[in-house]
1. Using only alpha-carbon positions, what ratio does the radius of gyration of the chain give when scaled by 2.2 N^0.38 Å?
2. Under a point spin-label approximation (7 Å from Cα along Cα-to-Cβ), what is the Lys336-Lys18 distance to one decimal in nm?
3. Treat the count of other C-beta atoms within 10 Å as a stand-in for reagent exposure and order Phe213, Phe321 from fewest to most.
4. Once fully extended, how much extra length lies between Glu151 and Ala174, figured as 0.36 nm per residue of separation less the alpha-carbon to alpha-carbon distance?
5. For a quick check: with amide H placed at 1.01 Å from N, whose amide H comes under 5 Å from Thr75's, ignoring anything fewer than 5 positions away on the same chain?
6. Name the trypsin sites (Lys or Arg not before Pro) in segment 41-75 that are in a loop by DSSP and that have at most 14 other C-beta atoms within 10 Å, would you?
7. In whole Hz, what ³J(HN,Hα) sequence does segment 269-286 give by Karplus (6.51, -1.76, 1.60; θ = phi - 60°), x for Gly and Pro?
8. For a paramagnetic label modelled at 7 Å from the Cα of Lys294 toward its Cβ, which residues of segment 231-250 fall within the zone defined by backbone nitrogen distances under 20 Å?
Amino acid sequence: MNYTNDPVCIKDLEQIAKGAMPSGAWGYYDSGANDEQTKYDNMSAFDSYRLHPRMLRDVSTMSTETTVLGKKVRTPLGVAPCAMHKLAHSDGEAATSRAAAKNGSIMILSTYSTTSMEKVIAQGDGSTQYWMQLYVYQDRKVSEELVRRAEKAGFSALVLTVDAPMLGRRLVDARNKFNPPTHLRLENFMDPKVVNDANGYVPDLAWSASETFGATFGANGDQSLSWENGISWLKSITSLPIIVKGIMTAEDTQLAIAHGCAGVIVSNHGGRQLDGALATIDALPQVVEAAGDKIEVYMDGGVRRGSDIFKALALGARAIFVARPVLWGLAYKGEKGAYLALDLLQKELELAMMLSGTRDIAEIDESYVYQPANRWVRYAPGARHAAANQKKLLAKL
Ligand SMILES: Cc1cc2nc3c(=O)[nH]c(=O)nc-3n(C[C@H](O)[C@H](O)[C@H](O)COP(=O)(O)O)c2cc1C
């Protein structure tokens with residue numbers, strides 16, 4: 001492929017980033033766990049849902065505006081939390097933050113960002129929603145300190161990632177013996193109250209040249225975390241809404257409701273944790289059904305086209321987050337590239353909406369997706385709906 005022209009879709013950005021990044025950093029961004037079944041399934045599963053467009057609907061005016069946690073947003077497309085944006089570009093998360101603000105997208109900031117949460121949120125325009133992603137550490141004081149800083153800085157929700165009691169085994173990183181470059185810092189751990197070594201590291205949480213990132217991650221995370229000692233504890237120390245990231249089943253959705261969460265993100269960590277787990281678009285309908293109108297449902301994983309966002313909206317997601325596409329954009333051109341990634345997806349979403357005869361997000365429901373009957377239909381209400389419609393139509397012939 002010739003990239004002397006500007007990239008015109010997310011796949012172009014992926015190829016450019018692959019060529020531009022050092023192999024270790026590229027491997028870290030790209031890799032999934034083990035055989036990467038789930039990483040690839042996340043993307044290919046979208047192909048088994050086809051669109052069911054309506055015509056002659058006057059689509060001369062349309063909008064992607066919606067509400068998330070009761071607040072207006074320009075678009076349901078947001079940025080998923082990703083560690084270490086400075087592996088892609090020296091402007092790191094500050095550039096991503098400006099790109100998200102320009103697109104009107106919610107940004108979820110990773111605990112393991114290479115720019116401090118205060119700097120990241122300061123790039124916003126006052127109307128952008130920033131959510132802070134957390135892990136819970138054996139030393140709860142470290143987690144509590146992060147919560148206090150996020151509250152003070154103006155983050156409007158906490159996203160607790162629950163699918164990573166240990167890091168999944170990413171063979172590419174193991175083969176590359178990947179360790180992030182030592183000039184990068186996990187800046188959220190630079191607070192004077194918790195920093196206790198001369199370089200500005202919290203030694204137990206940061207990496208060192210002799211250890212892999214995964215090993216330090218596992219050594220500090222709280223593997224005894226449960227709904228009670230995790231969610232209930234977090235609720236007891238903050239009044240910010242709590243969103244649980246990594247939910248894949250109806251059962252856990254019901255538990256999230258019972259424990260007072262504000263939302264769940266259907267996510268398998270981009271296939272980086274449990275390889276073999278269901279694709280997120282296939283898990284979404286059962287979560288949506290269990291959630292009813294009690295809790296908001298968001299999703300991430302494998303979204304590479306605006307039509308993927310459309311399909312997830314049709315199956316009941318309120319917001320859709322992307323990770324790797326934004327990192328690829330950053331690697332291509334910093335803030336401009338990250339914005340390009342979001343803008344490409346945004347424009348594709350708008351086009352998919354128009355060509356499907358929908359003018360606003362509320363109109364997009366399961367009647368717009370179709371899963372052909374010979375494919376796996378267990379969790380596809382859209383398929384049932386479409387099949388019933390088809391029967392009615394055939395009966396009229
Ligand atoms: C390089 C990389 C780093 C990530 N770091 C985090 C993280 O720190 N916290 C987290 O909750 N999820 C993390 N994720 C998972 C993403 O938030 C998201 O669930 C997933 O990547 C979405 O899939 P996509 O990359 O196909 O869009 C990371 C993903 C990638 C690719």
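What follows is calculated from the coordinates using simple rules that are stated; it is not laboratory data. Predicted model, so just to flag it, every value in this text is computed and none were measured. Because the Cβ atoms are built from the backbone with ideal geometry, glycine has one as well, and the counts that use them run over all protein chains shown.
1. On the way: Rg = 20.6 Å, N = 397, 2.2 N^0.38 = 21.4 Å.
Against the compact-globule rule of thumb, the ratio is 0.97.
2. 2.4
3. Values: Phe213 20, Phe321 28.
With the fewest neighbours first, Phe213, Phe321 line up as Phe213, Phe321.
4. On the way: separation 23, 0.36 × 23 = 8.28 nm, distance 3.63 nm.
Length gained between Glu151 and Ala174: 4.7 nm.
5. Under 5 Å from the amide H of Thr75: Thr66.
6. Listed in order of number, the matching sites are Arg54, Arg57.
7. For segment 269-286, the Karplus curve yields 6, x, x, 9, 10, 8, 6, x, 5, 4, 4, 5, 5, 6, 7, 3, x, 5 Hz.
8. 231-236, 241-250
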